[in-house]
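Trainee: The structure that follows is given in the form of structure tokens.
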Amino acid sequence: MDTQFLRAIQQENTQLKEEVGRLRDYVSSLQELTRVAQKLLSEKDLMTLLDRTLYYAVTVLDARDGTLLLADEEKNELVFVLVQGQVREALPGHRIPSGDGVAGWVYSHREPLIVNNVRADSRFSPSVDQTFKFQTRALVCVPLLAPPRGGKPGRVLGVIEVVNKASGGDFTDADQDLLSILALVSSIALDNLAQEPEKPRPSKKPAAIRKKAAPKKQAAKPARAKK
């Protein structure tokens, strides 16, 4: 048998094994996302929901860092609400214009985006890196889209960014798909929380129906001796 033909078969087998390995990883990640979705949809505390969303995003994509930004529509800004990784103590609360950087582009265009070489992409803004002494190499960012209502597109609630693969490799379309699924589940849960009516606080009983304390009996005055 021709040597070149054998090498071609071996190379094809190697590629096939790699594809099968990637497929297994993808299926495993989908199974993990199914469990995550059940937890997120049952969560009633807003900050716990957001924290779990970001934690699972970073974990499932095997990354080092991640951020979750919510929109402040009145000020046209995006706010870093939760952060995983190197700058998790310093970055929360920091604000950027709603059209700034990759996060702003994703928020404004309502589309996910992969950037595997941020220095070569004009949409990337280095301002956060410079301010917080951080180095972004690659990232994937997806919008948090509320479900449509009344025939109108849902609002963009914010974005999730996952930054720098732990392996140093590139983010893939599969990573973007997984993050988009997680963002969708989180957006539905967030929107459900926002639509729930606020529970009224238990009111105090009016003073008129409070049980009045029985008046204290006055001690009897001693009788005066007759003269």
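Trainee: Given the conditions (1) surrounded by 15 or more Cβ atoms within 10 Å (Cβ to Cβ); (2) at pLDDT 90 or above; (3) in contact with a helix residue (DSSP H, G or I) (Cβ under 7 Å, 6 or more places away or on another chain), and given that Asn164 satisfies all but one, which numbered condition is not satisfied?
Mentor: With respect to (1) surrounded by 15 or more Cβ atoms within 10 Å (Cβ to Cβ); (2) at pLDDT 90 or above; (3) in contact with a helix residue (DSSP H, G or I) (Cβ under 7 Å, 6 or more places away or on another chain), Asn164 is out only on (3).
Trainee: Find the residue count for the stretch 167-183, including only residues that are in a loop (DSSP other than H, G, I, E, B) and surrounded by 15 or more Cβ atoms within 10 Å (Cβ to Cβ).
Mentor: Adding up the residues that qualify gives 2.
Trainee: Further, regarding this structure: Does Thr34 count as modelled with pLDDT under 85, within 24 Å of Val106 (Cα to Cα), polar (S, T, N, Q) and out of contact with any Lys or Arg (no Cβ under 8 Å at 6 or more places or on another chain)?
Mentor: On the way: modelled with pLDDT under 85: yes; within 24 Å of Val106 (Cα to Cα): no; polar (S, T, N, Q): yes; out of contact with any Lys or Arg (no Cβ under 8 Å at 6 or more places or on another chain): yes.
Against the criterion (modelled with pLDDT under 85, within 24 Å of Val106 (Cα to Cα), polar (S, T, N, Q) and out of contact with any Lys or Arg (no Cβ under 8 Å at 6 or more places or on another chain)), Thr34 does not qualify.
Trainee: Condition (residue is at pLDDT 95 or above, more than 22 Å from Asp72 (Cβ to Cβ) and in a helix (DSSP H, G or I)) applied to the stretch 207-225: is it met by at least one residue?
Mentor: So the first thing to find is which residues in the stretch 207-225 are at pLDDT 95 or above, and the list is none.
No, the stretch 207-225 contains no residue that is at pLDDT 95 or above, more than 22 Å from Asp72 (Cβ to Cβ) and in a helix (DSSP H, G or I).
The values are calculated or read from the model by the stated rules, or taken from the named source; none is laboratory data. Note that this is a predicted model, so its numbers are computed, not measured. Note that each Cβ is placed from the backbone with ideal geometry, even for glycine, and that neighbours are counted across all protein chains shown.
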